[in-house]
1. What length, rounded to one decimal in nm, is gained on full extension from GLN37 through to ALA149, with 0.36 nm per residue of separation minus their alpha-carbon distance?
2. For the chain, give the percent of accessible area contributed by carbon and sulfur heavy atoms, probe 1.4 Å, rounded to a whole number.
3. Rounded to the nearest whole Å², what accessible area per residue is found for the chain with the 1.4 Å probe?
4. How about the stretch 96-161: which trypsin sites (Lys or Arg not before Pro) there are in a DSSP loop, with at most 15 other Cβ atoms within 10 Å of their Cβ?
5. Would you calculate a helix-derived [θ] at 222 nm for the chain, using -39,500 (n - 2.57) for each DSSP H run of n ≥ 4 and dividing by the full residue count, to the nearest 500?
6. Select from the chain the helices, each a whole stretch of DSSP H, whose alpha-carbon atoms run 27 Å or more along the helix axis and whose Kyte-Doolittle mean is at least 1.0; answer none if there are none.
7. Bins of 5 Å, beginning at zero and ending with the bin holding the largest distance: percent of Cα pairs per bin for the chain, please.
8. Just read off the accessible area of VAL77 with the full protein assembly in place, 1.4 Å probe, to the nearest 10 Å².
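The values are calculated or read from the model by the stated rules, or taken from the named source; none is laboratory data. As the structure is a computational prediction, the values presented were derived from the model and not from experiment. Every residue, glycine as well, gets a Cβ built from its backbone with ideal geometry; the counts of neighbours run over all protein chains shown. The protein model used for the area step is the full one, side chains on, heavy atoms only, and it has no ligands, DNA or RNA in it. Shrake-Rupley method; radii C 1.70, N 1.55, O 1.52, S 1.80 Å.
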Amino acid sequence: MSEEQVDIHRSKVRGQFLFSLFFVALAIILAVQLPYQTTWLGDMSLFVQPRFMPAIAVVGMLVFGCLHLWQLPRRRVVRNDWNEARIWVSGLEFVGWFMVYVYVVPIAGYLPSTIGFVWLMVFRMGYRSPNYRWFSVLFAVAVVVAFKALLQVRIPGASAYELMPSAIRNFLIVYL
């Protein structure tokens, strides 16, 4: 095998060993939980049992995960695997941002929270010019208008709205 083919092969397996280990571990956890999360009814045939399809899925996940782990050309973790895993985990940052947004909406309100969230996301992604900031505010207002007015999504009023006079509070709850 030429040197070039070896380098190409190594780059394709970067992170696969860690992924396979995680996948098999998740399959084992799901297999252990299967009897507690599903039921087996005695008076029904095999194919309509509530546990049948989840069991097929989990067993398939476990078998094919183990086969993938077994067929890997190398079975040890190297530095590039950890670099790849760091890239995978970095996406969880945005889950955290979204969870903060979900927590803030009932406190501050849908419009201010959405404007703040979109503005922070634009800033976080590196778009720091004033044009991008203004566009993010306009986009957030458009999202709120689309959800509240056009789609008529009912979002509970915020705790901060309770501090307003009744006429303003009603307007904020209905339209913002």
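1. On the way: separation 112, 0.36 × 112 = 40.32 nm, distance 4.07 nm.
So the extension gain works out to 36.3 nm.
2. 71 percent
3. Details: 12790 Å² over 176 residues.
Normalised by residue count, the accessible surface of the chain is 73 Å².
4. ARG128, ARG154
5. Using -39500 (n - 2.57) per qualifying helix, the result is -23000 deg cm²/dmol.
6. 16-37, 52-71
7. Distribution as computed: 1, 7, 10, 10, 10, 8, 8, 10, 13, 11, 7, 4, 2, 1, 0, 0 percent.
8. Roughly 60 Å² of VAL77 is accessible to a 1.4 Å probe.
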